[in-house]
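Take a look at the structure below.
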Ligand SMILES: Nc1ncnc2c1ncn2[C@@H]1O[C@H](COP(=O)(O)OP(=O)(O)OP(=O)(O)O)[C@@H](O)[C@H]1O
């Protein structure tokens, strides 16, 4: 596998804050990697290091085998930060042309706008775009220089379902054409929908790096739901909720839980056991992590 971006034993401090803690991660050519972690886990810091916007306190960061501080290497990437300020008075097509002009290789304006569902807005001033349209434009601009690798920091924040799906389609088609993507998201279904590989980070460290499915299996959390009155104390329960008389228990050991439930003689009905969503897996992982601290 050709490695396009590599972090090796990277530590980044901001004063007393340890944002990344000897983190190592390789992004291979053609991968679509989802970076998942709670607020403050270090996701944006990692993207800023790869994009050459910050330097590590220690450890090494490589981009295309060179330094992210080298503009030649940076020309091969596209970045959408969490927040972007675009000049309000420029038209969409003018901004696309302005950004594209910085690159030797350029995506065609029409093709770029179409890919992100913005074709009808080419003549519109940015000041007249909705929040979601602005966000889509900011993401589209990451692709203006025909990058080999794009970093998208929470690309769909603030978008409605339709706009989010339009953006997913744009990211997917870039990936299908051989592009490499690292994206962070708080929408867990987004990572499940797009990424083959998920890297979970917490407290500046990699907690898991695997397929979405394997990460779920890794924590082995299941949802047991049933209709019952008051329940006795049951083994391995990480959380519970009760909606409309149905109780759902999140557990690491559904078999033992059911055995104990039957042994307790508590009457129940409608038993269902389901695998977890990535969100539940992620919560269990980060809970485990904080239990270690
Ligand atoms: N410029 C800065 N100065 C001081 N501390 C910072 C700075 N940037 C980030 N941090 C701190 O570093 C840690 C990691 O932040 P980072 O933004 O990388 O996390 P994140 O995973 O992207 O979070 P979020 O999901 O909220 O965007 C946090 O504790 C944050 O407060």
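The values are calculated or read from the model by the stated rules, or taken from the named source; none is laboratory data. The structure presented is a predicted model; accordingly, all values stated were derived computationally and were not measured. Positions of Cβ are generated from backbone atoms using ideal geometry, with glycine treated the same way; all protein chains shown enter the neighbour counts.
Key figures
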| item | result |
| --- | --- |
| Answer residue from segment 3-24, given it is more than 13 Å from the ligand (Cβ to nearest atom) and surrounded by fewer than 16 Cβ atoms within 10 Å (Cβ to Cβ) and is nearest to residue 74 (Cα to Cα) among those | 3 |
| Failed item in (1) more than 28 Å from residue 26 (Cα to Cα); (2) surrounded by 15 or more Cβ atoms within 10 Å (Cβ to Cβ); (3) at pLDDT 90 or above, with residue 163 passing the rest | (3) |
| Residue list for segment 195-216, restricted to those being in contact with a helix residue (DSSP H, G or I) (Cβ under 6 Å, 6 or more places away or on another chain) and modelled with pLDDT under 85 | 202, 212, 215, 216 |
| Wholly enclosed helices (runs of 4 or more DSSP H) of segment 1-106 bearing at least 3 residues closer than 20 Å to residue 145 by Cα and touching a helix residue (DSSP H, G or I) at 6+ places or on another chain (Cβ under 8 Å) | 92-100 |
| Filter pass, residue 209 being surrounded by fewer than 18 Cβ atoms within 10 Å (Cβ to Cβ), touching a residue at least 60 places away in the same chain (Cβ under 8 Å), assigned by the TED database to the domain that holds residue 21 and closer than 19 Å to residue 47 by Cα | yes |
| Qualifying residue in segment 57-76 (condition: under 23 Å from the mean Cα position of the chain (by Cα), under 22 Å from residue 168 (Cα atoms) and surrounded by fewer than 22 Cβ atoms within 10 Å (Cβ to Cβ)) | yes |
| Qualifying residue in segment 149-157 (condition: surrounded by 13 or more Cβ atoms within 10 Å (Cβ to Cβ) and on the phi > 0 side of the Ramachandran plot) | yes |
| Leading residue by the ranking (surrounded by the most Cβ atoms within 10 Å (Cβ to Cβ)) among those in segment 25-54 that are more than 17 Å from the chain's Cα centre (by Cα) and touching a residue at least 40 places away in the same chain (Cβ under 8 Å) | 54 |
| Residue check for residue 40: more than 16 Å from the ligand (Cβ to nearest atom), assigned by the TED database to the domain that holds residue 178 and at positive phi | no |
| Output for segment 225-257, where each listed residue is surrounded by 15 or more Cβ atoms within 10 Å (Cβ to Cβ) and on the phi > 0 side of the Ramachandran plot | 236 |
